Amino acid sequence: MKLSVIVPAYNAEKTIRQSLDSILAQTRPVDELIVINDGSTDGTEKILQEYREAYPDCFRFRTVENGGQGRARNIGFDLSSGDWIGYVDSDDWIDPEMYERLIAAAEREHADLALCEVLAHFPDGSTARESIYREERAMAAAGFANNKLFRRSLIETIRFPEEKLWYEDAEFTAIAIHRAGKIAHLPDPLYHYRRGLPSTMNNNNARKNLDLLEVMRHLEEELLPDDRDDFEFLVLNHVLLDAMNRVQAMTAADKKDVLWLLRQYVREKIPDLNASRSFREESRNRRIIMRLHYLGLSGLAEAILKLKR
């Protein structure tokens, strides 16, 4: 079984060595490490040239015009030949045994997809474990591609959106989870990522959150009519909760318009919250915040979340 790991990189000279070294130090050696240099303007390409010289048997990179992370990952997949495919971001790193353990779990459970938990690292040195898997609700793991290992046959016909959309991970992983016959889960946080650094999701651009509605339209085509419960779960958690919490916390002048559009989408897809099984299964605290957003009381939802913090 051949393992390919794909890394999209954009202006990553400060972090990419740690990322690549962690992949190359795997207890189950990586057969292909493919980096797509997405039009970097710093010293990223020079570093990649060093790694190509040092690891000629497994390391490859290609420099392309900047087209976004989704496009870079798709290019990397097209260049790969592994039976198993992993994705790591250029500012993250992984435990040495991550891929060995994911492959073993997948083979043991005859799974198409294996995943582990995640450990977030903050600028002040603190860490927080982020549990993203529920055994009774596999779709809860949608939204993050990097802590997962995919059987090639599972994702052969799935592409990351290439329109420089936010939330491209959500679309790709939700479709993969929906199509996976079996998912293997490791409870240990073997994937490490930096929180609090400048990123596409950490800024004051409220309107870019509307990209999520385009992603949801794609997922609607994939999931409906057979899997309405999973579709409503994604609407509630990604649109009504996460996106609206994020926009409400912004100071952008157009945030009220964006909140209205997000809320209208949710109300169109789920006209009665109480009738939604996914809503009823959420915790009491999450239901409170969801309902406040649903009713147009996002300011109150933000105040409650601040008080809780």
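The values are calculated or read from the model by the stated rules, or taken from the named source; none is laboratory data. Every value quoted in this text rests on a predicted model; they were computed, and no experiment measured them. As a convention, Cβ positions derive from the backbone with ideal geometry for all residues, glycine included, and neighbour counts pool all protein chains shown.
See the values below:
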quantity: Unmet requirement for M250, which otherwise passes all of (1) within 22 Å of the chain's Cα centre (by Cα); (2) part of a helix (DSSP H, G or I); calculated: (2)
quantity: Selection count, the range 270-291, where residues are surrounded by fewer than 19 Cβ atoms within 10 Å (Cβ to Cβ) and either touching a helix residue (DSSP H, G or I) at 6+ places or on another chain (Cβ under 6 Å) or outside the structural domain of V215 (by TED's automatic domain parsing) (or both); calculated: 1
quantity: Residue among D124, D95, D89, D112 that is among the acidic types (D, E) and closer than 22 Å to D242 by Cα; calculated: D89
quantity: Subset of the range 108-129 (residues that are among the acidic types (D, E) and touching a residue at least 40 places away in the same chain (Cβ under 8 Å)); calculated: E109, D112, E117
quantity: Long-range neighbours under 8 Å by Cβ, at least six apart or interchain, first residue in the same structural domain as V239 (by TED's automatic domain parsing) within the range 250-265, second assigned to a helix (DSSP H, G or I) and loosely packed, with under 15 Cβ neighbours inside 10 Å; calculated: A252/R207; D254/R207; V258/R207
quantity: Listing of strands (runs of 3 or more DSSP E) fully contained in the range 108-206 that carry 2 or more residues being at pLDDT below 95 and more than 15 Å from the chain's Cα centre (by Cα); calculated: 127-130
quantity: Positions within the range 135-153 being of a type in the set (D, E, K, R), touching a Gly at 6+ places or on another chain (Cβ under 9 Å) and either buried (at least 18 other Cβ atoms within 10 Å of the Cβ) or closer than 17 Å to E100 by Cβ (or both), in sequence order; calculated: K148
quantity: Residue, surrounded by the fewest Cβ atoms within 10 Å (Cβ to Cβ), within the range 55-87, restricted to residues that are more than 15 Å from I16 (Cα to Cα) and among the hydrophobic types (A, V, I, L, M, F, W, C); calculated: V64
quantity: Some residue of the range 37-46 being hydroxyl-bearing (S, T, Y), under 15 Å from I6 (Cβ atoms) and either modelled with pLDDT of 95 or more or part of a loop (DSSP other than H, G, I, E, B) (or both); calculated: no
quantity: S131 surrounded by 20 or more Cβ atoms within 10 Å (Cβ to Cβ), of a type in the set (S, T, N, Q) and assigned by TED's automatic domain parsing to the domain that holds E156; calculated: no
quantity: Top-ranked residue in the range 47-63 [being aromatic (F, W, Y) and within 11 Å of I6 (Cα to Cα); ranked as nearest to the chain's Cα centre (by Cα)]; calculated: F61
quantity: Members of the range 253-303 that are of a type in the set (D, E), over 21 Å from N204 (Cα atoms) and part of a helix (DSSP H, G or I); calculated: E268
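One line per residue, one yes/no per condition, for (1) within 17 Å of D188 (Cβ to Cβ); (2) at pLDDT 95 or above; (3) in contact with a Lys or Arg (Cβ under 8 Å, 6 or more places away or on another chain); (4) assigned by TED's automatic domain parsing to the domain that holds L186:
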{"position": "F59", "(1), (2), (3), (4)": "no, yes, yes, yes"}
{"position": "T63", "(1), (2), (3), (4)": "no, yes, no, yes"}
{"position": "A72", "(1), (2), (3), (4)": "no, yes, no, yes"}
{"position": "I75", "(1), (2), (3), (4)": "no, yes, yes, yes"}
{"position": "G86", "(1), (2), (3), (4)": "yes, yes, yes, yes"}
{"position": "D91", "(1), (2), (3), (4)": "no, yes, yes, yes"}
{"position": "I94", "(1), (2), (3), (4)": "yes, yes, no, yes"}
